[in-house]
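> Let me begin by handing over the structure; questions about it come next.
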Amino acid sequence: ALRAARASVVARRADLQRARVSAGRGGARAQSATPVRSPSAGRVLRILQESQGVVAVGAPLLEMGDPSDLEVVAEFLTQDATLIQAGASATLEGWGGDQPIAARVTRVEPYAHTKISALGVEEQRVNVILRLADPTTAPALGHGFRLDARIIVNELPEAVRVPTDALVRNGADWAVFRIERGRARLTPVRVGVGDDHYRVILDGLSVGDRVILFPGDSLSDGDQVRAGTQGTGARARP
């Protein structure tokens, strides 16, 4: 509050000086340089008025900021933002380094804005504000830098999960084809939270069970199958 009051006093004095100059009472002082004081400590981020000249009252001259006190603004779809809570852990990636940066959600803004996606679709997005968990050890990021944010919305220790490509509809519920003794067994499962790649299995599977990815419509319960591996395949070793 004290810093804000001092900044207000400095701003009012500057307004008074401009008023005197405009009224012609500045005399010789109107031709001299007028000091401009920053309302807060920090660094110059951008100079908006680089050359001398007449500027309008209230025109911005430069931008000030403190690079050691950054906040990250991440846009999320409204349906995803409803799952995010203040205080949630997050990681920042895609900033240019190999290691992710630890962060924490400070707030989720209460209003959404419309944005056009890369496919030309109107989307409702919400700004989620994050702070670096340890600014002293984080890399030197700056104002306007681009990065990707991953936020943890739920944690389940020792959870069983399967790829979403293994899930099939079984009436109104979900199921997977589990490999048992060389045959495909349609196994009902109860799914939990997940993302685009994996879903948590709350009931129906155990750790180590093998499931079939991308089961086609021709696959039925009890069909004989042979387990394979993803990737380039296995090679014989001498």
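> In the calculated pair distance distribution of region 156-229, what percentage of Cα-Cα distances lie above 14 Å?
Values: 1546 of 2701 pairs.
In whole percent, the share of Cα-Cα pairs in region 156-229 beyond 14 Å is 57.
> Using θ = phi - 60° and the Karplus relation 6.51 cos²θ - 1.76 cosθ + 1.60, list the HN-Hα couplings for region 195-209 in order, rounded to whole Hz, with x at every Gly or Pro.
Computed from phi, the couplings for region 195-209 are 9, 6, 10, 9, 10, 6, 9, 7, 7, x, 10, 10, 4, x, 5 Hz.
> With both bridge residues required to lie in the chain, what share of the DSSP beta bridges run antiparallel, to the nearest 5%?
The answer is about 100 percent antiparallel.
> What list do you get for Val36, Val191 if you sort them by fewest beta carbons within 10 Å?
Numbers: Val36 9, Val191 19.
Listed from fewest to most nearby Cβ atoms, that is Val36, Val191.
> Moving on to the next point. On C-alpha positions alone, give me the angle between the axis of helix 2-22 and the longest principal axis of the chain, in degrees, nearest 10.
50
> In addition: Sort Val128, Val44 by Cβ crowding within 10 Å, fewest neighbours at the top.
Details: Val128 23, Val44 10.
Ordered by Cβ neighbours within 10 Å, fewest first: Val44, Val128.
> Taking the Cα atoms of region 71-151, report the difference between the largest and smallest coordinate on each principal axis, in whole Å and largest first.
Extents along the principal axes: 38, 26, 19 Å.
> In terms of modelled amide H atoms, which long-range or inter-chain residues lie less than 5 Å from the amide H of Arg183?
Val225
> In addition: Using a 10 angstrom Cβ neighbour count of at most 14 plus a DSSP loop assignment to flag exposed trypsin sites (Lys or Arg not before Pro), which longest range of the chain is free of such sites?
On the way: sites that count: Arg25, Arg37, Arg146, Arg181, Arg210, Arg226, Arg235.
Longest stretch, sites excluded: 38-145.
> Here is a follow-up. Whole-Hz Karplus ³J(HN,Hα) for region 132-146, in order, using 6.51 cos²θ - 1.76 cosθ + 1.60 and θ = phi - 60°, x for Gly and Pro?
So the J values, rounded to whole Hz, are 5, 5, 9, x, 6, 9, 6, x, 6, 8, x, 5, x, 5, 9.
> Could I ask something else about it? Summing Lys, Arg as +1 and Asp, Glu as -1, what charge do residues with Cβ under 10 Å from the Cβ of Trp174 carry, Trp174 excluded? Write down the numbers at each step before the final one.
Numbers: positive: Arg169, Arg190, Arg199; negative: Asp173.
Taking every Cβ under 10 Å from that of Trp174, the sum is +2.
> Count charges around Asp221 for me, please; just the other residues with Cβ under 12 Å from its Cβ, Lys/Arg as +1, Asp/Glu as -1.
Once positives and negatives cancel, what remains is +1.
> Once you place label points 7 Å from the Cα toward the Cβ at Arg210 and Ala7, how far apart are they in nm?
Output for this residue pair reads 6.4 nm.
> Also, quick follow-up: Taking amide hydrogens as modeled 1.01 Å from N in the peptide plane, which residues meet the under 5 Å criterion relative to Arg107, leaving out close sequence neighbours?
The answer is Ile129.
> Relative contact order of region 115-221, please, whole-number percent, based on alpha carbon pairs below 8 angstrom and at least 6 residues apart.
22
> Right, next: Can you work out ³J(HN,Hα) from phi for every residue in region 219-225, in order, using Karplus 6.51 cos²θ - 1.76 cosθ + 1.60 and θ = phi - 60°, giving whole Hz and x for Gly and Pro?
Coupling constants for region 219-225: 7, 10, 4, x, 5, 7, 9 Hz.
> Sticking with this structure for a sec: Find out how many positive minus negative residues lie around Asn127, taking Lys and Arg as positive, Asp and Glu as negative, among other residues whose Cβ is under 13 Å from that of Asn127.
Details: positive: Arg107, Lys115, Arg125; negative: Glu71, Glu75, Asp80, Glu109.
Taking every Cβ under 13 Å from that of Asn127, the sum is -1.
> At Leu16 and Ser117, where each label point lies 7 Å from the Cα along Cα→Cβ, what is the point-to-point distance in nanometres?
A separation of 5.7 nm, rounded to one decimal place.
> While we're looking at this one, here's another question. If R0 is 30 Å, what FRET efficiency do you get for Ser218 and Glu75 from their C-beta distance, rounded to 0.05?
Numbers: r = 42 Å, r/R0 = 1.41.
After rounding to 0.05, the efficiency reads 0.10.
Any read-out appearing in this document is the output of simple, stated calculations on the displayed coordinates, not a laboratory observation. In this text the structure is predicted, and so the values were computed from the model without any measurement. Please note: Cβ atoms are built from the backbone with ideal geometry, for glycine as well, and neighbour counts cover all protein chains shown.
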